[in-house]
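A short write-up of the structure that comes next.
The numbers here are math on the coordinates, done by the rules we state, and not lab data. On a predicted model such as this, the values are computed, not experimentally measured, just so you know. Positions of Cβ are generated from backbone atoms using ideal geometry, with glycine treated the same way; all protein chains shown enter the neighbour counts.
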Amino acid sequence: MNILHITCSPRGSYSASTKLSEFIVERLRERAPRAQIIRRDLGLAPLPHADDAFVWAVLGRAAEIQSDAFALSDTLIEELESAACIVIGTPMHNFTVPSALKAWIDQVVRIRRTFQSTPDGKIGLLPDRPVMIAVASGGHYAGDAARQPDFLTPYLEAILATIGLRSVRFFPLQGLSRGAEVAAAAWAQAEQNVRDHAARLPLGAPVA
Ligand SMILES: Cc1cc2nc3c(=O)[nH]c(=O)nc-3n(C[C@H](O)[C@H](O)[C@H](O)COP(=O)(O)O)c2cc1C
């Protein structure tokens with residue numbers, strides 16, 4: 001089976017969200033030692049924003065519009081389709097996801113390819129599978145200590161559900177700028193949550 005591992009912090013080896021996502025992947029590999037990792041480091045190798053050619057291709061209806069403009073999008077969607085499990089590491093940037101992750105979303109959330117638009121709304125075309133998301137933030141966005149809005153969690157939930165991915169679980173690392181004690185407690189809690197979740201995850205089922 002494949003695990004798709006996506007990160008988007010620009011901070012390389014200093015990134016908390018990347019580190020926690022690597023911890024998630026390690027726990028999954030304990031369960032599935034022969035798993036292949038497909039790695040997308042969007043911080044190190046950012047994707048282009050949706051450009052003119054891509055937008056024309058998305059808005060077009062003819063089958064022949066399967067043009068070069070979709071080459072990158074097709075590759076990224078095939079990576080998603082081939083993965084039994086998806087791990088994402090993301091910082092919170094200005095209450096939501098960094099633009100590096102948004103650029104990936106714009107490539108993979110594609111009408112007539114990963115979702116269908118119907119009079120009743122958008123219907124996802126990808127088979128569901130587990131998605132585990134590590135989120136690092138300087139402050140708190142959930143719980144009693146929250147002093148800021150959270151547009152990251154509901155956004156990722158809604159956009160992933162749009163393409164069919166509903167089994168999404170978040171692992172927050174909150175308050176990383178609130179001192180060493182708060183950060184250490186956040187790490188301990190997040191790692192425990194990951195261990196518990198990874199131990200229960202049904203792995204190895206073929207992806208349709
Ligand atoms: C441009 C920018 C915007 C940020 N916005 C927020 C924010 O809205 N809320 C928050 O709690 N922390 C915010 N932070 C702090 C980061 O979320 C925090 O440093 C986190 O640990 C970064 O994760 P990383 O180490 O994986 O890059 C921001 C940091 C940067 C650089």
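If you go through region 76-93, how many residues are free of Cβ contacts under 8 Å to residues at least 60 places away in the same chain and closer than 14 Å to GLN174 by Cα?
The first filter runs over region 76-93 and keeps only residues free of Cβ contacts under 8 Å to residues at least 60 places away in the same chain, leaving 76-78, 93.
Now drop any that are not closer than 14 Å to GLN174 by Cα, which leaves 93.
The number of residues fulfilling the criteria is 1.
A count restricted to region 38-59 and to residues that are more than 21 Å from GLY12 (Cα to Cα) and among the charged types (D, E, K, R) stands at 2.
Scanning region 118-156 for residues that are out of contact with any strand residue (DSSP E or B) (no Cβ under 6 Å at 6 or more places or on another chain) and small (Gly, Ala, Ser) yields GLY121, SER137, GLY138, GLY139, ALA142, GLY143, ALA145, ALA146.
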